[in-house]
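Everything below concerns the one structure shown next.
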Amino acid sequence: MAKAKKVVRRAWTKDDVRKMKTMAKAKLGVARIAKALKRTPGATTVMAAKLGVSLSTRA
C-alpha cells in the first residue's frame with residue numbers, strides 16, 4: 001500500500017499576496033503564478049477568490 005504524502009501548509013505572507021496581485025494584473029495565468037509562488041494552482045485560485053482578485057487571462 002502506498003504511503004500517504006504529508007500535507008505541508010504555508011501561511012500566505014504579504015509579499016506572496018503582493019506578488020500574486022501584480023502577476024494577476026499582468027494576466028499571466030494561474031499555472032505560472034502558482035509556480036512562481038511555489039504553491040499549487042488550487043491554493044492560488046482559492047486565495048485569489050478570497051481576496052477578490054481575478055486570475056482571468058482574458059483582456
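A short reminder: the numbers here are calculations on the coordinates, not readings from a lab. Computed from a predicted structure; not experimentally measured. Note: ideal-geometry Cβ built from the backbone for every residue, glycine included; neighbour counts use all protein chains shown.
Within the chain, the trypsin sites (Lys or Arg not before Pro) that combine a DSSP coil assignment with at most 14 other C-beta atoms in a 10 angstrom radius are 3, 5, 6, 9, 10, 27, 38, 58.
Can you pull a Stokes-Einstein diffusion coefficient for the chain at 25 °C (0.890 mPa s), Rh from Kirkwood over Cα pairs, as a whole number of µm²/s? Diffusion coefficient, whole number: 201 µm²/s. Over all other residues within a Cβ to Cβ distance under 12 Å of residue 34, the charged ones net out to +4, with Lys and Arg as +1 and Asp and Glu as -1. Taking other C-beta atoms within 10 Å as the exposure proxy, 45, 22 rank 22, 45 from fewest upward. When you restrict to C-alpha pairs under 8 Å that are six or more residues apart and normalise by the size of the chain, the relative contact order lands at 32 percent.
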